[in-house]
1. Could you say whether any residue in segment B:275-286 is open to solvent by 10 Å² or more (accessible area, probe 1.4 Å), within 14 Å of chain A (Cβ to nearest Cβ) and at pLDDT below 90?
2. Considering only residues of segment A:142-158 that are open to solvent by less than 10 Å² (accessible area, probe 1.4 Å) and away from chain B (no Cβ under 14 Å), which is farthest from A:Thr302 (Cα to Cα)?
3. If you scan segment A:205-231, which residues turn out to be over 25 Å from A:Ala283 (Cα atoms) and charged (D, E, K, R)?
4. Any idea which residue in segment B:234-248 is least open to solvent (accessible area, probe 1.4 Å), counting only those that are free of Cβ contacts under 8 Å to residues at least 40 places away in the same chain and of a type outside the set (D, E, K, R)?
5. Specify the residue that is modelled with the highest pLDDT; the eligible residues are those in segment A:305-331 that are in contact with a helix residue (DSSP H, G or I) (Cβ under 8 Å, 6 or more places away or on another chain) and within 14 Å of chain B (Cβ to nearest Cβ).
6. Would segment A:216-233 turn up any residue that is open to solvent by less than 30 Å² (accessible area, probe 1.4 Å), within 14 Å of another protein chain (Cβ to nearest Cβ) and in contact with a strand residue (DSSP E or B) (Cβ under 8 Å, 6 or more places away or on another chain)?
7. Could you identify the single residue in A:Thr305, A:Thr290, A:Thr298 that is touching a Lys or Arg at 6+ places or on another chain (Cβ under 8 Å) and at negative phi?
Number of protein chains: 2
Amino acid sequence: MANRRSGRVNARDVARAAGVSQSAVSRTFTPGASIAAETRQRVIAAARELGYRPNAFARSLITRRSRMVGLVLADLDNPFYARMLEAVSRELQAAGHHVMLFFTDRGEADDALQEILQYPVAGLLMASATLSSALARECAEAGIPVVLVNRDVPDAPTVSVTADNEAGGAAVGDFLARAGHQRVAFIAGDPEASTSRDREHGFREALARHGLTCHARAVGNYTREGAREAARTLFRVNAPPDAVFVANDYMAFAVMDTLRGELGLRVPEDVSVVGYDDVTQAAWGAYNLTTVTQPTDTMVSTAVTALLDSIRDGAPGRERRVIAGELVVRRSSRCPQNR
Amino acid sequence: MANRRSGRVNARDVARAAGVSQSAVSRTFTPGASIAAETRQRVIAAARELGYRPNAFARSLITRRSRMVGLVLADLDNPFYARMLEAVSRELQAAGHHVMLFFTDRGEADDALQEILQYPVAGLLMASATLSSALARECAEAGIPVVLVNRDVPDAPTVSVTADNEAGGAAVGDFLARAGHQRVAFIAGDPEASTSRDREHGFREALARHGLTCHARAVGNYTREGAREAARTLFRVNAPPDAVFVANDYMAFAVMDTLRGELGLRVPEDVSVVGYDDVTQAAWGAYNLTTVTQPTDTMVSTAVTALLDSIRDGAPGRERRVIAGELVVRRSSRCPQNR
DNA sequence: CTGAAAGCGCTTACAG
DNA sequence: CTGAAAGCGCTTACAG
């Protein structure tokens, strides 16, 4: 049934079989093209018979457009990004696009991008990784829109979608102060990342408004091991914190495990723990983590919409979208009224 | 600097700028092609100047090969698949391949595959989803090797890589019987999936060897809510189980949360819980789950190697690789010696 | 080592 | 509505 020669049937083969021109075959598979119903039926029958599928590469070559979007990620261990990846992929697929996936290290992913850019991608979506502003400019010149999620390259011609990390951090500071905590600590993620910096900044400002300062600080680097080590450093002292804000949920789980399993502390009786992201596991019984929502769904659809709009307009947007999150109080923290 | 006309510089532009033929440009970017060192330098300089990158689509069209591999997944919520996705992608990238990602529903992903197959993929890797044996045959005829991870299509011309689920289930049955449990229950995943069926089968056989039968059974469908419901059904009775084997870790976490938070049972004092997969979270302090290793790394590298081999040979392999796992005893279960 | 030419599989003005 | 022809950006015999 299938073409013996090449292992791949092409439009010419179908045309011959259907007794029409190659143009007719092409028109059959181009929605809205002008073709007689009967011709179309003949082509479809022949195509089915031969197992023909239009070759997307050839089509993209001639139309100078592609329905392929590059997706760049650095970290899938963190369930926040796993959730985001799935949501982004499904939305893009629903919009008729196809996803090319790349994993890089954290930070600037220019090398990986050089590879992706060999393909005529219609757009680029990056999360947990960035690109240099030079490459951002190059993409803009080439007409390839770039959308960053959870990252931001100042002054670059890109769209960025971030959570309102400052406001989120402030909500946590406010909440812990109101609950009557006196020695409030912070465990940072990657000290370079704007997510961690902004959360910390908002947090400190809020504490200040209540006349408090950050009692202690350690860096967990957004890794589990880093978080455990930070917890040990912070709590193996004479006057340990009575509350700790951890820059994301993923680290907060490690902190809780360490506090309870290793240091024999009770949460929240001895210490309140607050995270950030509201990943699925935060609601699981074992953690019941008070945290700030990263509105993944909103962020994803904002990012995807922005990307699709830019692709449609052929204009690489340039805006900063900040999505508000909210504090979700669960049982890992003391409440103001329990004071 | 970049080409003003089209937004994309092509080999012809570079050739003109460097004062050489288009062939020379092509040879410069084809490793091993015969080209003088000096010519090559001129081309490279011109390419850099103009911001030229070879177009992978055009290249693939003419060579009739592509370095693109299709990856099909159904479920990323389960951390086992997230870990696998990242490992697979990174290995494939390291081998110079690029990954096209597709999400489908569980079961047969024929529709999604029809879309992928419009691209000239060099091979297909599927996990947590399968394809019909008809489509498997079609791929084989088209020379596209298919590798299934954690799934199997009997008699189809594909390579499948699965864990030895029977042996794993047997290890659990054996372990629980030796620990002196009398009323051992099972919570199934997707009753259709061979993973769940094989684990259950091995489990029951092992119990039988100890003169036990499976005391109760419920279906969790590999979802968290299903697992919670299954736990309620199984444990809200007069003589509840004293041990439960859950078909995967992901559900086992939900079961533990329900047992402890909702039913007031202690793990392992009142009931032993055993999972399957050994996902990262199984080792986290809050769960400390006894489970059976799915040797992700081995499975991934076996699958990737098989795929790359088939691509290289141009022959769609046909074998079943079964990877052994092992029981990891943690604190969610009573041990034989504590009897 | 090098270039001119053919061709991968498609779409799209153009003329009918 | 339809077909012949040109061309997307590349690689690869072929001849020199």
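1. Checking segment B:275-286: at least one residue is open to solvent by 10 Å² or more (accessible area, probe 1.4 Å), within 14 Å of chain A (Cβ to nearest Cβ) and at pLDDT below 90.
2. Of the residues in segment A:142-158, the ones open to solvent by less than 10 Å² (accessible area, probe 1.4 Å) are A:145-150, A:156, A:158.
Going one step further and asking which of them are away from chain B (no Cβ under 14 Å), we end up with A:146-150, A:156, A:158.
Values: A:Val146: 13, A:Val147: 10, A:Leu148: 11, A:Val149: 10, A:Asn150: 12, A:Ala156: 19, A:Thr158: 14 Å.
The extreme case among them is A:Ala156.
3. Taking segment A:205-231 as the starting set, the residues that turn out to be over 25 Å from A:Ala283 (Cα atoms) are A:205-218.
If the condition is that a residue be over 25 Å from A:Ala283 (Cα atoms) and charged (D, E, K, R), then A:Glu205, A:Arg209, A:Arg217 are the ones that fit.
4. Looking at residues that are free of Cβ contacts under 8 Å to residues at least 40 places away in the same chain and of a type outside the set (D, E, K, R), I get B:Phe235.
5. Top of the filtered list is A:Arg330.
6. As a first pass, look at segment A:216-233 and keep what is open to solvent by less than 30 Å² (accessible area, probe 1.4 Å): A:216, A:218, A:220, A:222, A:226-227, A:230-231.
If we keep only those that are within 14 Å of another protein chain (Cβ to nearest Cβ) too, we end up with A:227, A:231.
Retained after the next criterion (residues that are in contact with a strand residue (DSSP E or B) (Cβ under 8 Å, 6 or more places away or on another chain)): A:227, A:231.
Looking for residues that are open to solvent by less than 30 Å² (accessible area, probe 1.4 Å), within 14 Å of another protein chain (Cβ to nearest Cβ) and in contact with a strand residue (DSSP E or B) (Cβ under 8 Å, 6 or more places away or on another chain), one finds at least one in segment A:216-233, hence yes.
7. A:Thr290
Results for (1) hydroxyl-bearing (Ser, Thr, Tyr); (2) out of contact with any strand residue (DSSP E or B) (no Cβ under 9 Å at 6 or more places or on another chain); (3) touching a residue at least 60 places away in the same chain (Cβ under 8 Å), shown as yes or no for each residue.
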{"position": "A:Phe102", "(1), (2), (3)": "no, no, no"}
{"position": "A:Ala109", "(1), (2), (3)": "no, no, no"}
{"position": "A:Leu117", "(1), (2), (3)": "no, no, no"}
{"position": "A:Val121", "(1), (2), (3)": "no, no, no"}
{"position": "A:Ala127", "(1), (2), (3)": "no, no, no"}
{"position": "A:Thr130", "(1), (2), (3)": "yes, no, no"}
{"position": "A:Glu138", "(1), (2), (3)": "no, yes, no"}
{"position": "A:Pro145", "(1), (2), (3)": "no, no, yes"}
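The values are calculated or read from the model by the stated rules, or taken from the named source; none is laboratory data. For clarity, every value in this text was computed on a predicted model and none was experimentally measured. Glycine gets a Cβ as well: all are built from the backbone with ideal geometry, and neighbour counts include every protein chain shown. These accessible areas exclude ligands, DNA and RNA; they are computed on the full protein's heavy atoms, side chains included. Shrake-Rupley method; radii C 1.70, N 1.55, O 1.52, S 1.80 Å.
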